[in-house]
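Every number here is computed from the coordinates shown, using simple stated rules; none is lab data. These numbers were taken from a predicted model, which means no experiment stands behind them. Cβ placement follows ideal geometry from the backbone for every residue including glycine, while neighbour counts extend to all protein chains displayed.
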Amino acid sequence: MLKLAILISKYLYIGYISLFLIFSWGYVLEERGLSNSRVRYSMHQFNLILVFNITTYIIMYLSGMRSGIGSLGFIVTLSIIMVIFKLLSKKIFEGSCPILWNSILFLINLGVIIICRIDYVLGLKQLMFAMLGLIVALMMPMILKVVPKIEILGLIYLVVMLGLVLLPFFYKESQGGSLNWSYITIFNRRITFQPSELAKIVYIFFLSSLFRKQNSKFKIGLATITSATLVIILVIQKDLGTALIYFMTYITLLYVGTGNITLSGLAIVLASIGSFVAYKGFPHVAVRIDSWKNPLSDPFGGGYQVLQSLFSMGTYGYLGSGLGQGYPEIVPVVESDFIYSAIGEEFGGIFAILLIVIYILIFYRIANIALRSNKKFNSLVVVGIGSLLYVQTILIIGGVMGILPLTGVTLPLISAGGSSLIITIIMISIVQWIQRNNMIEKKLEIEEAKKHREYIIEHRNRGLFEKDIKAYKDVVSEESEE
Amino acid sequence: MEIESKEEKMKKGMEGKFKNKIRFIFIINLIFMLFIIISIIKFYREDSFGLVNKTLNPRVFIEDENVIKGSIYDSNGMEVAKTVDGRRVYKKGIMGESFFHLIGYVKEEGFGLESNYSLALQKVGGELNQRINAIEEKKVYGNNLHLTIDGNMQKKAYEQIVQSGKNGSIIMLEPSTGKVIAMVSNPSINYDNAKYNKSDEKKFLNRSTSGLYAPGSVFKVVSSITIMENRKDYESEKYECTGHINIDGNIIKCYNEVAHGEITLEDAIEQSCNTYFAYMGNEIGIDKLRETAEKLNFNGEFDFEIEVSKSKFTKEEVGTSELMQTYIGQGKTLTTPLNMVTILGGVGNGGIMMKPYVVDYISDYRGKVVNRTKPSMINKNITLEQSTKLNDMLIKVVESGTGKSIKNNELKIAGKTGSAEITEEVTHGWFVGYAPYDMPKIAIAVLLEDSENSKATLKIVEKLIEEYEKL
């Protein structure tokens, strides 16, 4: 009976994620005026998250995992957090993109569930981090309002950023072989975090601030030198994945901000040479590259992680083992770096592939917001955030699937880990805040135009000057052109 | 007014360019993501099956109590392994022994099909139907394996090798498809006596796939290909064999120091002349031979359903003595009978080496075919011309050369004998070949350890090919 329920649940989960994507499709069509079905897609889409949770609860209850993820309290708390955030975000971020909110909530929700299924305590922690991140996200508009002129603070960003990435050298906290962890002590409790995560936002602001106006050689040079310094510091800290993410963000913003293709190309060539040198020079880089080329060549050494990840993804095929029925805990660091394999194992290959489509959807919405922004600075920030998350996703999914060399970065919004989760949520909320500002500006424009027209109409009714008639005609012709 | 509009136009143009750059970035990233998706689909479609069944995957040993593992059948539908009351039951007696290495068992140190197909045997086909039925019956059935192995041939091959009293291996396969018809290794174990641990290493070794042997003169087939590629006039090029050759003080002798006189490559293969190959090896060098060997699965992974050892060819520079030794199949070269029969099968098949396989298809509990193995090519690194020439030479080996004791106008066997000196006292006997030579239906490799020469192997070859013809 349990097995039958699990079998059905496998199809249900694939159904949910498919519907989720179909609703997004519907929403986009509606938004572009290509369809007029008046279905409230965004609401249905959000409801899918709740249905997802109910299904999960039933499966877990039947499997007998009643203390952890199968407890009613847990799933209800998770769902309530989602609902409250959804309602508040609608109020606070008026005009923001609901599809983007739904997508990140879906991923956060999925992450908490799968982590909880692997390790209950970690799952609870993740839930707490998610809550914290979402609260900060709701406060972002207020925080951003307080900071005066975020676009002109270039040098301040530079100082903060360098301070952050250098922090681990002074407050060391080594985890998983990387030296990029640091800690702060609050009320005698040591809180460890990854400063390089926080620095990501500052870095994007820094580059956007430099590239927002006409570009001088000085600015481009400053951006390049700073980026190179950052990347080198991160390589020294053995955080190759983050180094690569920073580098790709630099290339992207350099290209979009200055349009300098030669320089972007040159940077890529230099980086390739650099990575080759790293491959030859650093043994820990060489091990990763070699085990990527053929994980079977050293199944208990360098290739161990990727091989276990591939076993995890592959064993139960397209449909997966069903939630709670697989053995993802065999894979090392499955809760963070290899979370994607755990999802592939239990929810199946189709689900895992559709999950990538959700990421694509997120980046599509982010790109859309970047295109709508009037200010170049805002556009650059949004593009920076989007491509940073995109590169990170490609790196880690490609890594755990053995398509790219493995770089220990997190899967945005899903992997366990407070720093990464909270920062990613904040990034999305910055994007949404910019979208909200776009919508407010647009609204203001529309209102102004309306007022103007009303003014003219009023004058005409009173008996008009020739000048006014001309102005009126201009407005009308402008409108008809639109 | 006009100037303003121009400025505006410029601004709009700039904006358009800026927006196009954003679109460009999005599209580039999208392409990367699609590449990842395609790679994942490819992983599921092609790579995952061979990978996840490796015994390195801990999930292989996890057995689901609710699933009754499927059976393993031979090509005649005989049940070689089945589950009865939750326990695996295998064939008894000689039949069971002949299948032991191929079937293996599941355990941490397990091997064979039972281990490598443990997941497949537990996979529930037609799951929804079965699960609904299981509410009453509480049982679901895993999928079944259907082998290409012919149980009768398998048993006969095993009987032959037991009769010879030597340790060794016999493999028979269809060169045109790669279907393995028989694959046995001696000594074997009776399942009843198998204590399922590897304390008695010698018996557990599957000599067909995991036994690494010096190929001896059989390797001259590989050397010949190298000679054909590097000596354009090899057909007319003559060498005077005096029974031994001395280069810089390194001496290589022919078998019993028989002088073969003035010979070409064709005669050298026919008579298995060591000095000819030693001489040629000295002329051509090791690198060219390594190139050929690596094209023929040496130093590379051999893809097969159960564990296969890598055939090894020296990767280092060698001295004159080892160079000459290597050309006649001694030296540090090591190979498996499976690899040799694949190469010779390729020669018989016009140069196209087919990937050997033992699992014909997998069926679900209703007998519906779930997954059928399609014959696939490993490579065609032997050219058609080379294979034709080699075919003529290998025919002569049996017609008038070292294998003439099995000359038979009906069976039409072609192949190469070999006797690999391991120590002064121990010599392994080989025969690898195929029949009938004009249209090969079966390729065969027989290896007998410590059998002095290849006489005993030839007898077995004749017997088994005769039996195969009767089928």
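With the convex hull drawn over the C-alpha atoms of segment A:307-361, the volume per residue is 69 Å³. Does chain A come out rounded, prolate or oblate, given a ≥ b ≥ c as the square roots of the eigenvalues of its C-alpha gyration tensor, rounded meaning a/c under 1.5 and, failing that, prolate meaning a/b above b/c? Cα axes put chain A in the oblate bin.
Sort B:217-228, A:240-251 by packing, meaning the average of other beta carbons within 10 Å per residue, with the highest value first. List each step's numbers first, then the result.
On the way: B:217-228: 25.7, A:240-251: 23.6.
Result, highest mean first: B:217-228, A:240-251.
As a proxy for reagent exposure, ranking B:T55, B:T383, B:T335 by other Cβ atoms within 10 Å from fewest up yields B:T383, B:T55, B:T335. Against chain A, whose longest principal axis comes from its Cα atoms, helix A:261-281 is set at around 10 degrees. Using every pair of distinct Cα positions in segment A:199-333, the Kirkwood expression returns a hydrodynamic radius of 17.6 angstrom.
Peptide A:375-383 has a mean of 2 when you count, residue by residue, the C-beta atoms of other protein chains within 10 Å of its C-beta. The spread of Cα positions in chain B, taken along each principal axis and listed from longest to shortest, comes to 103, 78, 41 Å.
Tell me, in nm to one decimal, what length is gained between A:S477 and A:E458 on full extension, where the rule is 0.36 nm per residue of separation less the Cα-Cα distance? Write out the running numbers ahead of the final one.
Details: separation 19, 0.36 × 19 = 6.84 nm, distance 1.86 nm.
Working it through step by step, the gained length comes to 5.0 nm.
Taken residue by residue and averaged, Cβ atoms of other chains lying within 10 Å of the Cβ of A:1-8 number 4. In this structure, the amide hydrogen of B:Y234, modeled 1.01 Å from its nitrogen in the peptide plane, lies closer than 5 angstrom to no residue at least 5 positions away or on a different chain. Ordered by the number of other Cβ atoms lying within 10 Å of each residue's own Cβ, fewest first, B:L113, A:L198, A:L88 fall into the sequence A:L88, A:L198, B:L113. Mean residue ellipticity at 222 nm, helices only, chain A: -26000 deg cm²/dmol; runs of at least 4 DSSP H residues each add -39,500 (n - 2.57), and the sum is divided by the number of residues.
For B:E425 and B:K312, the FRET efficiency from 1/(1 + (r/R0)^6), where r spans their Cβ atoms and R0 equals 30 Å, is about 0.80.
Under 18 Å of direct C-alpha separation, and excluding same-chain neighbours fewer than eight residues apart, A:K470 reaches these aspartates and glutamates: A:E454, A:E458, A:E478, A:E479, A:E481, B:E2.
Would you please give the FRET efficiency between B:D248 and B:D303, computed as 1/(1 + (r/R0)^6) with r the Cβ-Cβ distance and R0 = 41 Å, to the nearest 0.05? About 0.50, to the nearest 0.05. For the peptides B:266-279, A:42-55, the ranking by mean Cβ contacts within 10 Å, running from highest to lowest, is B:266-279, A:42-55.
Run the reach check for A:K86 against aspartates and glutamates, Cα to Cα strictly under 15 Å, same-chain hits fewer than 8 apart removed. What comes back? In chain and number order, the partners are A:E94.
For A:F170 and B:F35, the FRET efficiency from 1/(1 + (r/R0)^6), where r spans their Cβ atoms and R0 equals 51 Å, is about 0.80.
Kindly give Rg over Rh for the protein assembly as shown, based on alpha-carbon atoms, with the Kirkwood expression for the hydrodynamic radius.
Values: Rg = 35.6 Å, Rh = 32.7 Å.
Over the Cα atoms of the protein assembly as shown, Rg/Rh equals 1.09.
Between B:V84 and A:I225, the simple spin-label model (points 7 angstrom out along Cα→Cβ) gives 8.4 nm.
Semi-axes of the equivalent ellipsoid of segment B:413-461 are 24, 8, 7 Å, computed as sqrt(5λ) over the eigenvalues of the C-alpha gyration tensor in descending order.
Evaluate the distance, in nm, between pseudo-label points positioned 7 Å from the Cα of A:N215 and of B:E291 along their respective Cα→Cβ axes. Label at A:N215, label at B:E291, 4.9 nm between them.
Give me the Kirkwood hydrodynamic radius of segment A:91-172, using the inverse of the mean 1/r over all pairs of distinct Cα atoms, in Å to one decimal.
On the way: mean 1/r = 0.0630 Å⁻¹.
This gives a value of 15.9 Å.
To the nearest whole number, what is the average tally of beta carbon atoms from other chains within 10 Å of the beta carbons of peptide B:16-29?
Values: counts 0, 1, 9, 7, 3, 9, 14, 3, 2, 12, 12, 1, 4, 11.
Mean shielding by partner chains, rounded to a whole number: 6.
Listed from fewest to most Cβ neighbours within 10 Å, the set B:T336, B:T388 follows the order B:T388, B:T336. Pairs of Lys residues in segment B:58-143 are counted when their Cα atoms are under 22 angstrom apart and they lie 8 or more places apart or on different chains; the count is 18.
To one decimal place, what orientation-averaged projected area in nm² is obtained for the convex hull of the Cα set of segment A:1-142?
Working: hull surface 36.3 nm².
One quarter of the hull surface, i.e. the mean projection, equals 9.1 nm².
What's the whole-number percent of alpha carbon pairs in segment B:58-143 lying beyond 18 angstrom? Before the final figure, lay out each step's value.
Numbers: 1632 of 3655 pairs.
Value for segment B:58-143 (Cα pairs over 18 Å): 45 percent.
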